[in-house]
1. Where both residues lie in segment 64-236, what percent of DSSP beta bridges are antiparallel, nearest 5?
2. With every protein chain left in place and a probe of 1.4 Å, what is the accessible surface of His160, to the nearest 10 Å²?
3. Each label point is 7 Å from the Cα along the Cα-to-Cβ direction; what then is the distance between the points at Trp188 and Phe340, in nm?
4. Provide the solvent-accessible area of Leu27, counting protein heavy atoms only and rolling a 1.4 Å probe, rounded to the nearest 10 Å².
5. How much net charge surrounds Lys150 when only other residues with a Cβ under 10 Å from its Cβ are counted (Lys, Arg +1; Asp, Glu -1)?
6. Which order do Asp191, Asp199 take by accessible area at a 1.4 Å probe, largest first?
7. Check which residues have an amide H placed less than 5 Å from Gly96's amide H, if you skip close sequence neighbours.
8. Ignoring ligands and nucleic acids, what accessible area does Ser217 show with a 1.4 Å probe (Å², nearest 10)?
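The values are calculated or read from the model by the stated rules, or taken from the named source; none is laboratory data. Note that the structure is a prediction, hence the values are computed from the model and not measured. Every residue, glycine among them, receives a Cβ derived from its backbone with ideal geometry; neighbour counts consider all protein chains shown. With ligands, DNA and RNA removed, areas are computed over all heavy atoms of the protein, side chains included. Shrake-Rupley method; radii C 1.70, N 1.55, O 1.52, S 1.80 Å.
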Amino acid sequence: MRSSTLIVSYLWKDTWKRWCEQPGSPLARWFVTLLLVMVAAVILVAFQLLERSLRDRLERFGLNTLLVRQPVAPGSAEFILHGGGQDQLAVLTTSGEKLRLRQLFGRGQTELHENNLTVFTYSPDAIPMLARMLGADTPTICLSEHLPDKTMTRVRVGRHSVLAKVVRPQGWLQALSTEDTVLVPQGWLPDQEQMGWLDTTIYQRSETAPPMDQIISAVNILSSLNQHPQPQIQSAMPIVHELDELRSRQAQWRTGLAAILGIAVSLVYGAIAVLEFRQNLFVCALLRSFGAPSNFLYFRHWLENLLLANLAAGVAVLVLALVHRSLFSTLGFSSEVLDFNGGNPYLGSSVVSIFLWINVGALLSSIPVAFGLRQPVGEILN
């Protein structure tokens, strides 16, 4: 036990002395690993942030939400100022909830913001679905993520000014618009309605309804049968397909980067290990002749590579975590996506796989040393 301790102590002192005399060797391995891990981590974390962004969009829009817009121009058969007119999508109520609105072409503005509100009007038939958001003082609703919640604000649309209650967009109504929205009773903005509108139907599919693809196909068929232009249809299906494609691409990149990391680390570390082993071949043979086990000499190289590789990877990940927000905000990611409340991407499986493969590379780089230690001591000393 005493001899093993002395051998380990000597090997550690010898390694430390070699690092001090030849700092280029550990620094080269450390710096190469640092750069490789940084590049790999940036790519993999960017994929995670893209996936989080898509999941946020999917959650906001709603997996079972469908938005159908049909332009209605003045003079057309559907241009009916008073009353909802014929509802071509009334059949959707048999398989879910539906809200029919009119999106006007004019923009609304509040006392604090200019021309930032999308304007919709609703008919009396929509009141039961909007009742929980309506206030006692006004039938106008302002859906906003920025204005103070449950307050009253004055909204100006063209020449008209209305008082609106500010509420947060919730549930499937979030799919109406990515901007702040105001809902006004029909007939309150006659000047704006005279210019036409987008007949907007927002539909929430029930769990027992047919698949969303079939519903979208049925909506298009209804428009064709009624000899109307194809409506503007917005659903979560493109986001779902994009998310699946992103996950597939992320898995491919993770595999490719893992192979590159493992091969690069094993080649760089292995080449340096061979050179150092040849330089210290006589000393290693002398230690073996004094009874030092070959396993000790091999593990010295292996642990040295593991220490340098993991230290470099840890520093790289730490630096990226510290500059995370400033780095990825320049790449166009929103502050909501960069927030760690949705999970720390540097503690995820992608970063863990980086550490796994650099350790595999460090292990592979020590194999040439294992073969070199099989050479008989007598041949080396002679």
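1. Rounded to the nearest five, the antiparallel share is 80 percent.
2. Ignoring ligands and nucleic acids, His160 comes out at about 50 Å².
3. 4.5 nm
4. About 110 Å², ignoring ligands and nucleic acids.
5. On the way: positive: Lys165, Arg168; negative: Asp149.
That sum, taken over residues with Cβ under 10 Å, equals +1.
6. Numbers: Asp191 60, Asp199 30 Å².
These residues rank, largest area first, as Asp191, Asp199.
7. Residues meeting the criterion, in which the H sits 1.01 Å from N, are Ser206.
8. Ignoring ligands and nucleic acids, Ser217 comes out at about 60 Å².
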